[in-house]
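Contents: one structure, followed by commentary.
Computed from the coordinates by the stated procedures, all read-outs in this text should not be read as laboratory data. This one's a predicted model, so the numbers in the text were calculated from it and none came from an experiment. Cβ coordinates were reconstructed from backbone atoms using ideal geometry, including for glycine residues, and neighbour counts include every protein chain displayed.
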Amino acid sequence: MPRLFDTKFPAGCRTLPDGFWSAVDVWVKKPHVVNKRLCGVRETDGGDVGREDLRLLLLLDGEDDGLFESVMSFLRGAPPAQTHEHEQDEPWASCVRTFIPKVNCYGAMLQKELVLKDSDRQQVTFLPFEEDSEGKVSLKRGNLYQIRLCSQSCEEWTLELHAFASDAWFSDGVAYPWLPWLASDLLPKLARWASECRSSEFRSTLSLLPVEKYSLVYQQLKEKYKAMVKVWPEVTDPEKFVFEDVAIATYLLVLWAEERAERNLTAPQSFVDLGCGNGLLVHILTNEGHPGRGIDVRRRRIWETYGPQTRLEEKAITPSDSFLFPGTDWLIGNHSDELTPWIPVMAARRVVAEHNHTRRLECQLISLSLG
Ligand SMILES: C[S@@+](CC[C@H](N)C(=O)[O-])C[C@H]1O[C@@H](n2cnc3c(N)ncnc32)[C@H](O)[C@@H]1O
């Protein structure tokens with residue numbers, strides 16, 4: 001199969017070939033970083049697979065051997081880069097990812113992808129398939145693609161994109177990206193990630209909760225609060241603020257539900273939002289059953305519209321004894337300006353004050369980055 005597109009790495013890139021695999025991992029585990037129509041993916045079935053496993057996995061057993069052999073030869077695309085003897089077909093390190101779209105456009109049908117990594121050949125192949133509610137799968141043969149790391153010399157590296165049958169490519173921009181997008185957006189991003197190759201010691205924010213639950217609750221809350229966009233009395237952009245606060249509220253509601261289940265709690269967690277600004281986050285969390293309040297040094301016009309159940313106070317917060325918030329479960333600060341570094345200090349002071357002795361503090365700071 002011919003190469004469709006390629007991207008060159010900067011000369012003297014020292015992070016390859018390891019950086020290639022780190023970049024592939026970002027695309028496999030977090031495609032929503034570049035494909036904004038996805039909420040994320042659920043990854044399953046990791047392990048090594050060989051030719052016969054692949055036949056079973058794709059349910060091509062006997063019924064279409066011609067296709068199976070063509071897929072096999074696509075998988076063997078590049079000659080092995082490693083000098084040691086390469087077993088012809090196997091095994092490939094594999095995983096299956098199930099796409100979770102931001103808006104469910106596929107009904108009960110699951111859009112999945114088998115990802116096969118071939119470290120000898122320095123290539124990764126994506127085999128998309130659909131699974132219906134009875135578990136019957138069908139390969140999207142037009143959308144098979146492969147990304148290869150190629151080197152002319154130790155100094156010159158290129159990323160190549162190959163498609164199994166580009167004439168039959170189907171795109172919807174969600175689980176099936178446009179082929180030119182893979183070339184114009186994904187390849188350069190992979191090249192950048194591969195040359196930066198920064199590994200993070202922090203877990204990603206979305207890894208703290210079940211992405212499918214997040215996606216479902218986000219859809220429900222977006223529908224419920226979208227009317228706010230029309231009556232927004234502030235000068236700020238309503239689309240940005242309403243949907244950003246819906247996303248943050250969703251995150252907290254799902255995280256709190258997980259926390260209650262894990263710790264066997266029944267009461268909804270209480271909160272105080274420090275530097276709450278327009279107060280919409282407080283309004284949504286209150287409406288969804290969590291007792292709490294918001295404090296800001298400057299009142300906003302929109303506060304009047306929420307009704308008395310949404311508790312908002314105009315007050316200047318300082319990291320003093322007057323702001324220890326005893327009995328409150330969560331201190332929230334979203335883009336809270338100079339309050340940001342004070343929040344862990346306030347939390348620590350509160351724990352110390354409540355227990356009347358110093359103890360080792362376990363503090364989890366969650367940095368939210370929601371698309
Ligand atoms: C960037 S805004 C963020 C508002 C809101 N959290 C949001 O995400 O939309 C920061 C807010 O913190 C408030 N703020 C800053 N310092 C404060 C203080 N010492 N006491 C109370 N509010 C404060 C500001 O008035 C402002 O509304």
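Calculate the spin-label point distance for Gln309 paired with Arg76, positioning each point 7 Å from the Cα along the beta-carbon direction, and give it in nanometres.
Computed distance between label sites Arg76 and Gln309 equals 6.7 nm.
Could you give me the ³J(HN,Hα) list for the stretch 22-31, computed from phi with Karplus coefficients 6.51, -1.76, 1.60 and θ = phi - 60°, whole Hz, x at Gly and Pro?
Those phi angles translate into 5, 5, 4, 4, 5, 5, 6, 8, 9, x Hz.
In whole Hz, what ³J(HN,Hα) sequence does the stretch 172-180 give by Karplus (6.51, -1.76, 1.60; θ = phi - 60°), x for Gly and Pro?
9, x, 10, 6, 10, x, 5, 4, x
Note the angle between two axes, namely the Cα long axis of helix 342-355 and the longest principal axis of the Cα atoms of the chain, as a number of degrees from 0 to 90, rounded to the nearest 10.
60
Please build a GNM for the chain, connecting alpha carbons under 10 Å apart, and tell me which residue among Val254, Val351, Val33 fluctuates the most.
Val351
Taking the 0 to 90 degree range and rounding to the nearest ten, how far is the long axis of helix 211-225 tilted relative to the main principal axis of the chain, both from C-alpha atoms?
50
When the gyration tensor of the stretch 201-344 is built from Cα positions, what are the square roots of 5 times its three eigenvalues, in whole Å, from largest to smallest? Mind dumping the intermediate values first?
Details: eigenvalues 102, 88, 44 Å².
Semi-axes from the Cα gyration tensor: 23, 21, 15 Å.
From zero up to wherever the largest Cα-Cα distance of the chain sits, split into 20 Å bins and tell me the percent of pairs in each.
Calculated P(r), rounded to whole percents: 24, 45, 27, 4.
Report, by chain and number, residues whose modeled amide H sits under 5 Å from the one on Cys39, excluding near sequence neighbours (fewer than 5 apart, same chain).
Residues meeting the amide H criterion: Ile100, Lys102.
Computed FRET efficiency, Cβ-Cβ of Glu288 and Asp65, R0 45 Å: what is it to the nearest 0.05? Please report the intermediate quantities before stating the final value.
Numbers: r = 54 Å, r/R0 = 1.21.
Efficiency computed from Cβ-Cβ geometry: 0.25.
Around Trp330, under 11 Å between beta carbons, what's the net of Lys plus Arg minus Asp minus Glu among the other residues?
Values: positive: none; negative: Glu259, Asp273, Asp329.
Around Trp330, the surrounding residues sum to -3.
Through the Karplus equation 6.51 cos²θ - 1.76 cosθ + 1.60, θ set to phi - 60°, convert the phi angles of the stretch 115-120 into ³J(HN,Hα) values in whole Hz; use x for Gly and Pro.
Residue by residue, the stretch 115-120 yields 10, 10, 9, 10, 6, 5 Hz.
Using the count of nearby Cβ atoms within 10 Å as a rough guide to exposure, how do Val137, Val71, Val235 rank from fewest to most? Intermediate values should be presented prior to the final figure.
Details: Val137 15, Val71 21, Val235 6.
Ascending Cβ contact count within 10 Å gives the list Val235, Val137, Val71.
Which residues' amide hydrogens lie under 5 Å from the amide hydrogen of Asp120, considering only partners 5 or more residues apart or on another chain, with H built in the peptide plane?
none
Along the charge dipole of the stretch 84-193, which of Ser119, Ala175, Leu190 sits closest to the positive end, that is, farthest toward it, with unit charges on the beta carbon of Lys, Arg, Asp and Glu (+1, +1, -1, -1)?
Positive-end residue among those listed: Ala175.
How are the alpha carbon pair distances in the stretch 3-196 distributed across 10 Å bins from zero to the largest one, expressed in percent?
8, 37, 38, 15, 2, 0
Anyone know which of Ala165, Ala23, Ala267 comes out most mobile in the 10 Å Cα GNM of the chain?
Its mean-square fluctuation being the largest, the pick is Ala267.
Among the listed pairs Lys36/Lys112; Lys30/Lys226; Lys8/Lys29; Lys112/Lys230; Lys117/Lys240; Lys8/Lys30, which have their C-alpha atoms separated by more than 29 angstrom in this model?
From the list (Lys36/Lys112; Lys30/Lys226; Lys8/Lys29; Lys112/Lys230; Lys117/Lys240; Lys8/Lys30), the Cα-Cα distance tops 29 Å for Lys112/Lys230; Lys117/Lys240.
Go ahead and collect, in residue order, the members of the stretch 13-55 whose backbone nitrogen is under 11 Å from a label point 7 Å along the Cα-Cβ direction of Lys222.
Answer for this model: 37-39.
Would you mind telling me which residue in Asn35, Asn278, Asn264 has the biggest mean-square fluctuation in a Gaussian network model of the chain, where springs connect alpha carbons within a distance under 10 angstrom?
Top of the fluctuation ranking is Asn264.
Treating only the Cβ of Lys, Arg, Asp and Glu as charged (+1, +1, -1, -1), what charge dipole size does the chain show about its Cα centre? Round to the nearest 20 debye. Mind dumping the intermediate values first?
Numbers: 43 positive and 54 negative charges, 321 e Å.
Charge dipole of the chain: 1540 debye, to the nearest 20.
Please list, in chain and number order, the residues 5+ apart from Ala165 or on another chain whose amide H is under 5 Å from its amide H, with Hs placed from the backbone.
Leu144
Which of the listed residues, Gly289, Leu216, Gly66, is farthest toward the dipole's positive end in the chain, when Lys, Arg count +1 and Asp, Glu count -1 at the beta-carbon?
Of Gly289, Leu216, Gly66, it is Gly289.
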